[in-house]
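Trainee: Input: one structure, supplied below.
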Amino acid sequence: MAHWGYMTTNGPSTWGKDFPIANGERQSPIDIVTTAAEYDSDVLGSNALSTNYTPESEVKLVNNGHSIMCQITKKGVLTGGPLGKDEYRLEQFHLHWGAEDNRGSEHTVDGKMYASELHLVHWNASKYSSFADAVQKPDGLAVLGIFITPGVACNQFKVISDNCGKLKTSGAEMTVDTTLDPTLLLPSNTSDYWTYLGSLTTPPLFESVTWIVFKEPVEYSKEQLLALRNLVDSDGNHMQDNYRPPAALKQRKVKKTFT
Ligand SMILES: NS(=O)(=O)NCC1=CS(=O)(=O)c2ccccc21
Ligand SMILES: [Zn+2]
């Protein structure tokens, strides 16, 4: 099987061959139609979404061939909001981006694409024993989606963007001896978000993700976005446009926590 990727020959339109769930009932990403999203006070309810992350004392970065990923080793918990009382543990974060600023995010808002999208991937540690155990369960994963727009530099992201040059090729890994607090990668407003039931946006496309997409984007500098675009993927091409376009909403409702 030719390895999946984002080129014409192995990109999202071909994934259904090896991963039939690509045409499933709860695929991600989606286009968020803001007027169709339903305000749901009990999502907002008493248990507001809350993150309790422990800053990483060293940062483990991996070029996995289709994104730049930061492995998390400390205990970081996400709970509340659509997750109820279940505690989801932070496993890793990674990004998707375009070749130019006009594209790159996976979720879109009324058809608008952002330059990039950061994903913090969590697994349900209240119900399952590991990420691998949770990854195929319908309530196994929760991913925070943060839109990235060009602007001022994001200081907390510098440890990643400053090291992309040393992670150029697929399979490259490095440990950076510095602290990183994942909380500082989030937008200042974490109360306003859309949420819906979806899937991983890359193969194996498991339909196991509760998506939480924040309304407020975060700014990265041009240089930080360029650092991502200079990475090289598993086919030796520039790692750019590594985003899946929106999938059909089908019988789903998107909820929102703001009016
Ligand atoms: N874009 S996304 O957030 O849906 N995540 C893709 C993904 C595919 S995976 O199963 O390789 C994996 C392992 C660990 C964390 C994420 C992933
Ligand atoms: Zn992702």
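Trainee: When you check Y193 against the structure, is it within 23 Å of K85 (Cβ to Cβ), away from ligand 2 (no atom under 16 Å from the Cβ) and open to solvent by less than 10 Å² (accessible area, probe 1.4 Å), yes or no?
Mentor: Against the criterion (within 23 Å of K85 (Cβ to Cβ), away from ligand 2 (no atom under 16 Å from the Cβ) and open to solvent by less than 10 Å² (accessible area, probe 1.4 Å)), Y193 qualifies.
Trainee: Next question, about the same structure. Taking G171, is it of a type outside the set (K, R), on the phi > 0 side of the Ramachandran plot and open to solvent by 10 Å² or more (accessible area, probe 1.4 Å)?
Mentor: For G171, the condition - of a type outside the set (K, R), on the phi > 0 side of the Ramachandran plot and open to solvent by 10 Å² or more (accessible area, probe 1.4 Å) - is met.
Trainee: Taking region 102-144 as the search range and keeping residues that are among the β-branched types (V, I, T) and within 10 Å of ligand 1 (Cβ to nearest atom), which one is nearest to A37 (Cα to Cα)?
Mentor: Top of the filtered list is V143.
Trainee: If you scan region 204-254, which residues turn out to be closer than 23 Å to W194 by Cα, of a type in the set (D, E, K, R) and surrounded by 18 or more Cβ atoms within 10 Å (Cβ to Cβ)?
Mentor: Matches in region 204-254: E207, K215, R244.
Trainee: Turning to a different aspect of this structure: In region 59-76, which residues are touching a Leu at 6+ places or on another chain (Cβ under 9 Å) and surrounded by fewer than 17 Cβ atoms within 10 Å (Cβ to Cβ)?
Mentor: Q71, K74, K75
Trainee: So, of the residues in region 141-154 that are of a type in the set (A, V, I, L, M) and open to solvent by 40 Å² or more (accessible area, probe 1.4 Å), which turns out to be nearest to ligand 2 (Cβ to nearest atom)?
Mentor: Among residues in region 141-154 that are of a type in the set (A, V, I, L, M) and open to solvent by 40 Å² or more (accessible area, probe 1.4 Å), the one nearest to ligand 2 (Cβ to nearest atom) is A153.
Trainee: For region 159-258, give me every one of the strands (runs of 3 or more DSSP E) that falls completely inside it and has 3 or more residues that are within 16 Å of the chain's Cα centre (by Cα) and within 16 Å of ligand 1 (Cβ to nearest atom).
Mentor: 193-198, 209-214
Trainee: Which of the following residues is among the polar types (S, T, N, Q) and open to solvent by 30 Å² or more (accessible area, probe 1.4 Å): S116, S41?
Mentor: The unique qualifying residue is S41.
Trainee: Among the residues in region 117-134, are any closer than 30 Å to E223 by Cα, more than 14 Å from ligand 2 (Cβ to nearest atom) and outside any strand (DSSP E or B)?
Mentor: The answer is no, given that none of the residues of region 117-134 is closer than 30 Å to E223 by Cα, more than 14 Å from ligand 2 (Cβ to nearest atom) and outside any strand (DSSP E or B).
Trainee: Please identify the pairs in which a residue from region 199-212 that is under 8 Å from Q27 (Cα atoms) has its Cβ atom under 8 Å from the Cβ atom of a residue that is of a type in the set (D, E, K, R) and within 9 Å of ligand 1 (Cβ to nearest atom), counting only partners at least 6 apart or on another chain.
Mentor: From region 199-212, the pairs are T201/E106; T201/R244.
Trainee: Identify, from the list P82, P138, the residue that is within 18 Å of the chain's Cα centre (by Cα), more than 18 Å from K256 (Cβ to Cβ), open to solvent by 30 Å² or more (accessible area, probe 1.4 Å) and in contact (Cβ under 8 Å) with a residue 60 or more places away in the chain.
Mentor: P138
Trainee: In contact with a helix residue (DSSP H, G or I) (Cβ under 7 Å, 6 or more places away or on another chain) and not β-branched (V, I, T), is that true of N124?
Mentor: The answer is yes for N124.
The values are calculated or read from the model by the stated rules, or taken from the named source; none is laboratory data. It should be emphasised that the depicted structure is a prediction, and the values quoted were computed from it without experimental measurement. All Cβ positions, glycine included, derive from the backbone under ideal geometry; neighbour counts span all protein chains shown. Side chains are part of the model used for accessible areas, which takes the heavy atoms of the whole protein and leaves out ligands, DNA and RNA. Shrake-Rupley method; radii C 1.70, N 1.55, O 1.52, S 1.80 Å.
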